[in-house]
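Structure record follows, encoded as structure tokens.
The values are calculated or read from the model by the stated rules, or taken from the named source; none is laboratory data. Quantities reported herein were computed from a predicted structural model and do not represent experimental measurements. Virtual Cβ from ideal backbone geometry, glycine too; neighbours counted across all protein chains shown.
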Amino acid sequence: MAKLTKKALLKHLNKSDKDDIVAEVVRLFDKFKNVKEYYQAELSDDANPTLDKYKKKIAKAYSLLNPKERSTNINVNKLINEFKKICIYERELADLMLYRVECGVEAFNRNNKRSATFYNCIVVTFEDAIKLIIADQSMNEFKQRIDKVIKSAAKGKYEVKERMEVVIEECR
């Protein structure tokens, strides 16, 4: 079977009448969790409740006193990848990634017996968030949080604060 392209999808949708398209969207909504989450975020009048749900899951993953770092990193990466599939705005993805960094910094400030891998995950996520923020031209919105997380990272090992500062300088 040939790969479905956007052009082929548009052709299919243009051939369909409105009722068929509505029925198809409802079937997708009922069948796929990420479609349901997408529409929940899209149709919400308030701040994205799905973003809040993912933030709570990340906070929970980092709140454990002695977590298995590898599984924490894997689980949080999965959460971010799930959110990428349903997020509408890059700003929300950047917000979630920066939130992960904030939670990670709090975690290593509570217990600095963390591995280099743990710190690397935090720095990589920080870099990805900064790139999204710059691409979205929303640095002013996030500047205070970024400055605060860099300052909070001073107690970390593996030159985490300095590496974050380098990310900021390189991305400007």
- Here the residues within the stretch 109-146 that are farther than 23 Å from Tyr89 by Cα and not hydrophobic (A, V, I, L, M, F, W, C) are Asn109, Arg110, Asn111, Asn112, Lys113, Arg114, Ser115, Thr117, Tyr119, Asn120
- Do we have Leu28 as among the aliphatic types (A, V, I, L, M) and at pLDDT 90 or above here? no
- Which ones in the stretch 59-105 are among the aliphatic types (A, V, I, L, M) and touching a Gly at 6+ places or on another chain (Cβ under 9 Å)? Val76, Val105
- Query: modelled with pLDDT under 90, buried (at least 20 other Cβ atoms within 10 Å of the Cβ) and under 16 Å from Val160 (Cβ atoms), is that true of Asn73?
  - Reply: yes
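To keep it simple, each residue is scored yes or no on (1) out of contact with any helix residue (DSSP H, G or I) (no Cβ under 9 Å at 6 or more places or on another chain); (2) of a type in the set (D, E, K, R); (3) surrounded by 10 or more Cβ atoms within 10 Å (Cβ to Cβ).
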| site | (1), (2), (3) |
| --- | --- |
| Lys3 | yes, yes, no |
| Ser16 | no, no, yes |
| Ala23 | yes, no, yes |
| Arg27 | yes, yes, yes |
| Asn34 | no, no, yes |
| Glu37 | no, yes, yes |
- Across the stretch 5-14, which residue is modelled with the highest pLDDT among those that are among the charged types (D, E, K, R) and exposed (fewer than 10 other Cβ atoms within 10 Å of the Cβ)? Lys7
- When the stretch 76-89 is checked residue by residue, the ones that are in contact with a helix residue (DSSP H, G or I) (Cβ under 7 Å, 6 or more places away or on another chain) and surrounded by fewer than 15 Cβ atoms within 10 Å (Cβ to Cβ) are Lys84, Lys85, Ile88
- Per the filter on the stretch 31-60, residues at pLDDT below 75 and either of a type in the set (A, V, I, L, M) or more than 27 Å from Leu93 (Cβ to Cβ) (or both) are Ala41, Leu43, Ala47
